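Chemist: Would you mind keeping the following structure in view while I ask a few things?
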Amino acid sequence: MENWITEFMNDFGYIGIFLLIALENIFPPIPSEVILTFGGFMTTTANMTILGVVIASTFGSVAGAVILYWIGSILDVKIIERFVERWGHIFRLTVSDVHKANAWFDKYGAWTVFFCRLVPLIRSLISLPAGMSHMNFWLFLLYTTSGTLIWNILLVNIGAAVGSSWEDIVGYMDIYSNIVYAILALLFILFIVLIFRRNKGNVK
């Protein structure tokens, strides 16, 4: 996939960066680390600037995030509630859990969106619950853009600084991503265990 991404960026420049980053937000398995660090490297070999790459990638990120926000707003919490009512017993989830999660996001959603834009994988997916909770769109746009801008500026500048060694940075980012995925997996397991214990206690 890396070869295809770099060839596409070489062929289409800023437009290629915009399209790839927008797609990466909708389809997280596409690695933004490759796009951004290689984009930074391209500023040392092609007629591109760091500012131009940051702007193109930020517009792409926000465009993809808005699409997922819109999808989330269509799903709505009521659809999730109906799903939980029918299948929630498998995961030991109740409609009350959905309400609590939604209330939590209403209270802390803005900062959650901001910080999650700095975390691999969930940096894209966080737009879905934001849309589902009907978070104020302009507030969502503000925090999404702010977090995205920090992520993009960091990786593009690193790519420009290391030049042809940009692939080494991607390797380090893979390690960071794997650590994040492991933490998320542990948190998910902990969540399931807590739900199981709580429901078991309620049965008694």
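Chemist: Kindly evaluate Ala101 against the criterion of being buried (at least 16 other Cβ atoms within 10 Å of the Cβ) and modelled with pLDDT of 75 or more.
Modeler: No; evaluated as a whole, the condition is false for this residue.
Chemist: May I ask you to list the residues in the stretch 117-132 that are modelled with pLDDT under 80 and open to solvent by less than 20 Å² (accessible area, probe 1.4 Å)?
Modeler: Result: Pro120, Arg123, Ser124.
Chemist: Any residue that is more than 19 Å from the chain's Cα centre (by Cα), of a type in the set (D, E, K, R) and at pLDDT below 80 - is there at least one of those in the stretch 28-51?
Modeler: No, that holds for no residue.
Chemist: Next question, about the same structure. Within the stretch 140-163, track down each residue that is among the small types (Gly, Ala, Ser), on the phi < 0 side of the Ramachandran plot and over 15 Å from the mean Cα position of the chain (by Cα). If you could, list the steps in order and put the result at the bottom.
Modeler: To start, the set of residues in the stretch 140-163 that are among the small types (Gly, Ala, Ser) comprises 146-147, 159-161, 163.
Then keep just the ones that are on the phi < 0 side of the Ramachandran plot; that gives 146-147, 159-161.
The answer is Gly159, Ala160, Ala161.
Chemist: In the stretch 27-59, how many are hydrophobic (A, V, I, L, M, F, W, C) and open to solvent by 50 Å² or more (accessible area, probe 1.4 Å)?
Modeler: 5
Chemist: Inside the stretch 105-115, can you point out the residues that are closer than 17 Å to Ser61 by Cβ and open to solvent by less than 20 Å² (accessible area, probe 1.4 Å)?
Modeler: Val113
The values are calculated or read from the model by the stated rules, or taken from the named source; none is laboratory data. Keep in mind the model is a prediction, meaning the values are calculated, not measured. Neighbour counts are summed over all protein chains in view; Cβ atoms, including those assigned to glycine, are modelled from backbone coordinates with ideal geometry. Side chains are part of the model used for accessible areas, which takes the heavy atoms of the whole protein and leaves out ligands, DNA and RNA. Shrake-Rupley method; radii C 1.70, N 1.55, O 1.52, S 1.80 Å.
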